[in-house]
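Chemist: The structure follows.
The values are calculated or read from the model by the stated rules, or taken from the named source; none is laboratory data. These numbers were taken from a predicted model, which means no experiment stands behind them. Methodologically, a virtual Cβ is constructed for each residue, glycine included, from the backbone with ideal geometry; neighbour enumeration extends over all protein chains shown.
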Amino acid sequence: MNTHDVLVAGAGAAGLVAALAAAHHGARTLLLDSGQPSTFATSGGLFSAPGTRWQRELGIEDSPDLFIADVRAKNGDTVPDLLLRTVAEQAAPAADFIDGPAGVPLHLHTTTNWPGHAVKRLHATAGESGAEFNTLLRAALARFPNLTFIEGAEVTALLPDITGAEFVQDGTTHRVEAGATILATGGYGGAPDLLARFAPPARHAVHAGGAGSTGFGVRICADLGAEMQCMDAYQGQPHVSPHLIGTVRPRFGASLPALGSVMVNREGRRFCAEDMGPSEMTGVLLSQPEGRAVEIWDEHAQQAAQAGGPFRRAVELGAMTRCETVAEIAARFALPESVLAETLSHAAACARGEATDPFGRRNWKAPIAAPFYAAEITGALAHTQGGARVDAVARVLRPDGSPIPRLYAAGGVACGISGTGTAGYIPGNGLAQSFALGFLAGRAAAGA
């Protein structure tokens, strides 16, 4: 039986950073992954980190305290204090590690002002794509000769006393011993039974996260007696196509409202303030006729949104329609032309400050103008945010606060910083938790 210092289950955002951090600190590290797509790889690849050197270089003043204030303003006191403080203080060191020892260059995203953030604090790789970020972190694994990565190896159980794990590869079961185990197998967005139990509003939404989010790690932690927190929390994503193109479901990203887009339902009418948080917007969108809407934007937004990887992919797939007139939009999407024209005219007046928006939208750009772009959208479940309670080094805790020996959790297996429900999510905060806790878990499991 092979023996390692650290075993990491799952090669998404948290697992990749955890394995890299453990190996960087000298641990003989084994990273196992089922080979199913991770939510990280399907994401926009943007993560929050307050007080970074990239912010300072641009003269942006930020701090963990300001980040915490933004999170509390969104979700009140529903996020565990220690967890929020830990992520707020460790996201920047995690970013430094990714850009430094891991060798994956980062930059500060400056194109869009994202809802919920007082300042620009979202960071990404050059292409601002989760697929790209995932590829670069996987390539970084080769920098460490003491790190072994096995893809297509699905962890199926932990060994007694958490001394290692069983995994299946090519139909054969293997056992491996390890001094510490980090569970980073993702959340339960792809587990209908867990969604029905903990997050019923999300159970009928399209799942836009990774197929690997089966809830395995969450179940393991619960079975071992961990305290499970904020289990009804999840991130909704309203800018997702209801249609598959081949095997791909296009995602338009959450930047379009900040670039001036307008959303209308099947009746050709607006139904919400488009600048509200994308997660809570998901439920509003799903409540519309057929659970669908049409999002409309202009040439400026079309070009600016291509800074994001998911939007570029949607462009490549031809997932949006270019229209020269309002009449073309109405015909293409079977909307009542006169109502749509009136809706867009009133939205333009609101954007110019000539009318009051009944939905309370505060952030408008210049009125959208031809040529227009439009796409049908629906509400989707991106990833769940509930999970195991962890301490300041990502050890999994029981209800009495004692750690379960040799067990760590990060990413979708651990509780996130969105609080309860769907309204507390702020863009970039899912990956902030994944990177911060993955970084801490890897160091601690390595004995650093």
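Chemist: Please find, within the stretch 262-304, the residue that is surrounded by the fewest Cβ atoms within 10 Å (Cβ to Cβ) out of those that are among the small types (G, A, S) and at pLDDT 95 or above.
Modeler: Filtering first and then ranking leaves A273.
Chemist: In the stretch 217-239, how many are farther than 29 Å from M276 by Cβ, crowded, with 24+ Cβ neighbours inside 10 Å and either of a type in the set (G, A, S) or in contact with a Phe, Trp or Tyr (Cβ under 9 Å, 6 or more places away or on another chain) (or both)?
Modeler: So the answer is 2.
Chemist: Right, here's the next one. Please list, ordered by first then second residue, the pairs with beta carbon atoms under 6 Å, 6 or more apart or interchain, first in the stretch 46-74 and without any contact (Cβ under 8 Å) to a residue 24 or more places away in the chain, second of a type in the set (A, V, I, L, M).
Modeler: I68/L84; I68/A88
Chemist: So if I check each of A124, A69, A95, A91, which one is surrounded by fewer than 19 Cβ atoms within 10 Å (Cβ to Cβ) and in the same structural domain as A414 (by TED's automatic domain parsing)?
Modeler: Among A124, A69, A95, A91, only A69 is surrounded by fewer than 19 Cβ atoms within 10 Å (Cβ to Cβ) and in the same structural domain as A414 (by TED's automatic domain parsing).
Chemist: If I go through the stretch 305-356 residue by residue, how many of them are over 22 Å from R249 (Cβ atoms) and surrounded by fewer than 16 Cβ atoms within 10 Å (Cβ to Cβ)?
Modeler: Looking only at that region, the number is 16.
Chemist: Tell me, yes or no, whether the stretch 236-255 has at least one residue that is among the basic types (K, R) and in the same structural domain as L83 (by TED's automatic domain parsing).
Modeler: Within the stretch 236-255, not a single residue is among the basic types (K, R) and in the same structural domain as L83 (by TED's automatic domain parsing).
Chemist: Please give the number of the condition G379 fails out of (1) buried (at least 24 other Cβ atoms within 10 Å of the Cβ); (2) farther than 27 Å from D223 by Cα; (3) more than 18 Å from the chain's Cα centre (by Cα).
Modeler: Here G379 meets the rest and fails (3).
Chemist: Determine whether the stretch 243-250 contains at least one residue that is out of contact with any Asp or Glu (no Cβ under 9 Å at 6 or more places or on another chain), crowded, with 16+ Cβ neighbours inside 10 Å and modelled with pLDDT of 95 or more.
Modeler: The answer is no, given that none of the residues of the stretch 243-250 is out of contact with any Asp or Glu (no Cβ under 9 Å at 6 or more places or on another chain), crowded, with 16+ Cβ neighbours inside 10 Å and modelled with pLDDT of 95 or more.
Chemist: Among the residues of the stretch 112-121, is there at least one that is farther than 24 Å from Q306 by Cβ, surrounded by fewer than 22 Cβ atoms within 10 Å (Cβ to Cβ), touching a residue at least 60 places away in the same chain (Cβ under 8 Å) and over 17 Å from the mean Cα position of the chain (by Cα)?
Modeler: no
Chemist: Okay, next question. Residue by residue through the stretch 72-83, note down the ones that are surrounded by 21 or more Cβ atoms within 10 Å (Cβ to Cβ) and not β-branched (V, I, T).
Modeler: K74, N75, L83
Chemist: While we're here: Would you be able to tell me the number of residues in the stretch 39-59 that are among the polar types (S, T, N, Q), modelled with pLDDT of 95 or more and assigned to a loop (DSSP other than H, G, I, E, B)?
Modeler: 1
Chemist: Do any helices (runs of 4 or more DSSP H) entirely within the stretch 272-342 hold 3 or more residues that are out of contact with any strand residue (DSSP E or B) (no Cβ under 9 Å at 6 or more places or on another chain) and free of Cβ contacts under 8 Å to residues at least 40 places away in the same chain, and if so, which?
Modeler: Answer list for the stretch 272-342: none.
Chemist: Consider the stretch 60-90. How many of its residues are farther than 14 Å from A118 by Cα and part of a loop (DSSP other than H, G, I, E, B)?
Modeler: Residues that pass the stated criteria total 5.
Chemist: Looking at G51, G45, can you tell me which residue is surrounded by fewer than 22 Cβ atoms within 10 Å (Cβ to Cβ) and either among the small types (G, A, S) or farther than 21 Å from Y425 by Cα (or both)?
Modeler: Selected residue: G51, the only one of G51, G45 that is surrounded by fewer than 22 Cβ atoms within 10 Å (Cβ to Cβ) and either among the small types (G, A, S) or farther than 21 Å from Y425 by Cα (or both).
Chemist: Among (1) touching an Asp or Glu at 6+ places or on another chain (Cβ under 7 Å); (2) part of a loop (DSSP other than H, G, I, E, B); (3) surrounded by 16 or more Cβ atoms within 10 Å (Cβ to Cβ), where does V393 come up short?
Modeler: (1)
Chemist: Okay, next question. Could you list all residues from the stretch 214-227 that are closer than 21 Å to R395 by Cα and within 20 Å of the chain's Cα centre (by Cα)?
Modeler: Passing the criteria: G215, F216, G217, V218.
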